[in-house]
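The next block holds one structure in the form of structure tokens; read it before the comments.
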Amino acid sequence: MSAPVLIGYFDSEARVLDATRAVREAGFVLHDVYTPYAVHGLDDAMGLRPSRLTWVCFGAGLLGCTLALSLQYYTSVVSWPLNVGGKPFNSFPAFIPVTFELTVLFAALATVAAFLVRAKLFPGSRRPVLPRVTDDRFAIAVAPREAPSELDAAEDLMRRHGAVATDLLEVAS
Amino acid sequence: MSALHEVTTAPAAGFEVPPAVHRAAQVLAGVGLGILVAGLAIARERALTSLLTSGFYFLCLGLGGAVFLALMYVANAGWFTVFKRIPEAFAAYVPWGAVTILALLPFVSSLYPWAKPGVMETDHLLHEKAAFLNVPFFAARMGVVLAVWVGFTWMLRRISLRQDAERSPELAGRNVKVSAVFLVLFALTFCLAAFDWLMTLEPHWFSTIYALYNFAGLLSSTVCAMTIAAILLHRAGALPQLNTSHLHDLGKLMFAFATLWAYLWFSQYLLIWYANIPEETVYFITRLHGTWAVAFYANVVLNWALPFVLLLPRPAKRNPSHLLRVAAILLVGRWLDLYLMVVPGLQPDGVAVGVFELAGFVGMAALFTLAVTRTVRSTPMVPVGDPYLVESLHHHT
């Protein structure tokens, strides 16, 4: 399955913010906005909901924490108790450093992995590359809601908001 | 640049606190410090520990203001400029705070075990440390430390005021140079202060991370006090330029320094617990018995566990009312932390927080408020001569 997506190219941060807002307010569906660097205020302009990635991070951190504590408890209290300097087998302070490290490790790796999967950035994933958005152009991609003819109106709108070029691209949906 | 235009054409006047607040602060300072002085006659040790705990607490807030400024200057940071008059006003308390610490000097022999008459002769361990732990050298170190702090806070303030008058970008470079020197000297003198004034209360015990651990407490409490001051001034209409992004960054620093504190607190505890050497564990044994144990665990909850959870979500760091609550928790925690450093060695029986502790804290807090509001009144709230002001006005995270 593939659908045509309309790309509008802009040459400044201010114009792309303005046009993004206009496109969204006119009722078009924003496929995405591509910029060479993080543009402040773009999240608001696109009307993005707060990222759900934080929950992945929190959950993975909690999992890492629980696993680390359980593993240490199991190995040093249940499976193979060792007397270390007369300390109790279940020595909570000694477990903390490993627990901390594993919490951070799980949270960090899971967050990066979840981001890559969600953004479909993995080997074998074919994504079209927009020319110049890694250099000096800002691009707005508009997906049609129903009829592809609707995109003509969107093209007009973006032109009026300062698009320097427009293009139609087939992308995998 | 309409925002900048508004700022630069605003009347060059400071913020006047309501007279009722000023009056209340004067009364509380008078009553609190009066009770403390009376306490010197009635219950000398209680009054002295209260003077040390609260005196050091607020001196750290003042000093922390200067350290925050210096850190921002050397990092060429531009986001904080809009509210930099707040840390500057805090720093203006340093001379006052220095006096509260100097007030301890006549009573060294009533407070510090190593200075008590006859102790040096009978205690072999302390006798070995006599070259360092003696009253003249202690007083000299205190003098040098306080002089460095007063001198550098005065210099930083003077450059900032000259910026307003001269609007010369070269002064920003001078800020960086003075700050770099100050940060090095601060690190050395603050270690000395923490070891001398606090750690020698239990002169047999030692911990090399102790100063660093205090450093984290200083940064955490300063960021909290600055956040409270910024929000209150914003609500009073004195700092309309403060936006959600500034608060967000203050919230992040609060979160980060609370975690740094926990990291260092635990580093000290873990190493002593692991090694299990009697001369080191004695410190924690006192603090883990009787009512001290409650305070010991409450310390970790107030200074780290609660703030960590409460500041974790992004919206939490952008909500002024929420930040006020968390900052208050951390500031109570900081007092408890210092109380736990000062008192258990001298009063191992248990927690005793009463009229003297309260009077010391309230009196010193009122004194701090007076110093800060006096400085805030004398200069315009927004530093119009700072070249980073535009960046700060447009700060966006």
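The values are calculated or read from the model by the stated rules, or taken from the named source; none is laboratory data. What you see is a predicted model, and the numbers here were worked out from it, not measured in a lab. Cβ atoms come from the backbone with ideal geometry, glycine included; neighbour counts cover every protein chain shown. To get the accessible areas, we keep the full protein, side chains included, count just its heavy atoms, and leave off ligands, DNA and RNA. Shrake-Rupley method; radii C 1.70, N 1.55, O 1.52, S 1.80 Å.
Matching residues to (1) open to solvent by 40 Å² or more (accessible area, probe 1.4 Å); (2) assigned to a helix (DSSP H, G or I); (3) more than 30 Å from B:Pro344 (Cβ to Cβ); (4) without any contact (Cβ under 8 Å) to a residue 60 or more places away in the chain:
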site: B:His127; (1), (2), (3), (4): yes, yes, no, yes
site: B:Phe132; (1), (2), (3), (4): yes, no, no, yes
site: B:Arg141; (1), (2), (3), (4): no, yes, no, yes
site: B:Ser179; (1), (2), (3), (4): no, yes, yes, no
site: B:Phe182; (1), (2), (3), (4): no, yes, yes, no
site: B:Ala194; (1), (2), (3), (4): no, yes, no, yes
site: B:Trp205; (1), (2), (3), (4): no, no, no, no
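Restricting segment A:121-144 to residues that are open to solvent by 90 Å² or more (accessible area, probe 1.4 Å) and either free of Cβ contacts under 8 Å to residues at least 60 places away in the same chain or within 14 Å of chain B (Cβ to nearest Cβ) (or both) leaves a set whose member that is nearest to A:Ser12 (Cα to Cα) is A:Val129.
So which residues in segment B:220-254 are open to solvent by 10 Å² or more (accessible area, probe 1.4 Å), more than 14 Å from chain A (Cβ to nearest Cβ) and among the β-branched types (Val, Ile, Thr)? B:Ile228 - this is the single residue of segment B:220-254 that is open to solvent by 10 Å² or more (accessible area, probe 1.4 Å), more than 14 Å from chain A (Cβ to nearest Cβ) and among the β-branched types (Val, Ile, Thr).
When each of B:Arg318, B:Arg377 is tested for being touching a His at 6+ places or on another chain (Cβ under 7 Å) and open to solvent by 20 Å² or more (accessible area, probe 1.4 Å), the lone residue that passes is B:Arg318.
Residues are listed down the side, and each one gets a yes or a no for (1) open to solvent by 10 Å² or more (accessible area, probe 1.4 Å); (2) under 23 Å from B:Leu346 (Cα atoms):
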| position | (1), (2) |
| --- | --- |
| B:Met72 | yes, no |
| B:Gly78 | no, no |
| B:Pro87 | no, no |
| B:Tyr93 | no, no |
| B:Leu102 | yes, yes |
| B:Leu105 | yes, yes |
| B:Val108 | no, yes |
| B:Leu111 | no, yes |
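Consider B:Phe56 carefully, then state whether it is open to solvent by 10 Å² or more (accessible area, probe 1.4 Å) and either over 18 Å from B:Ile159 (Cα atoms) or not in a helix (DSSP H, G or I) (or both). Answer is no for this residue. Scanning segment A:30-50 for residues that are open to solvent by 60 Å² or more (accessible area, probe 1.4 Å) and aliphatic (A, V, I, L, M), we see that the one that is farthest from the other protein chains (Cβ to nearest Cβ) is A:Leu48. Taken over segment A:72-117, the criterion of being open to solvent by 60 Å² or more (accessible area, probe 1.4 Å), in contact (Cβ under 8 Å) with a residue 24 or more places away in the chain and more than 14 Å from every other protein chain (Cβ to nearest Cβ) is satisfied by A:Leu105, A:Phe106, A:Leu109, A:Phe115.
When you scan segment B:155-175, do you find a residue that is buried (at least 16 other Cβ atoms within 10 Å of the Cβ), more than 29 Å from B:Tyr263 (Cα to Cα) and β-branched (Val, Ile, Thr), even just one? For segment B:155-175, residues buried (at least 16 other Cβ atoms within 10 Å of the Cβ), more than 29 Å from B:Tyr263 (Cα to Cα) and β-branched (Val, Ile, Thr): present. The residues in segment B:376-397 that are farther than 15 Å from B:Leu233 by Cα and among the β-branched types (Val, Ile, Thr) can be counted, and the count is 3. Would it be correct to say that B:Val362 is crowded, with 22+ Cβ neighbours inside 10 Å and in contact (Cβ under 8 Å) with a residue 12 or more places away in the chain? Considered against the rule, which asks whether it is crowded, with 22+ Cβ neighbours inside 10 Å and in contact (Cβ under 8 Å) with a residue 12 or more places away in the chain, B:Val362 comes out as no. Residues of segment A:1-25 that are closer than 21 Å to A:Arg160 by Cβ, touching a residue at least 60 places away in the same chain (Cβ under 8 Å) and open to solvent by 60 Å² or more (accessible area, probe 1.4 Å): A:Asp11, A:Glu13, A:Arg15, A:Asp18.
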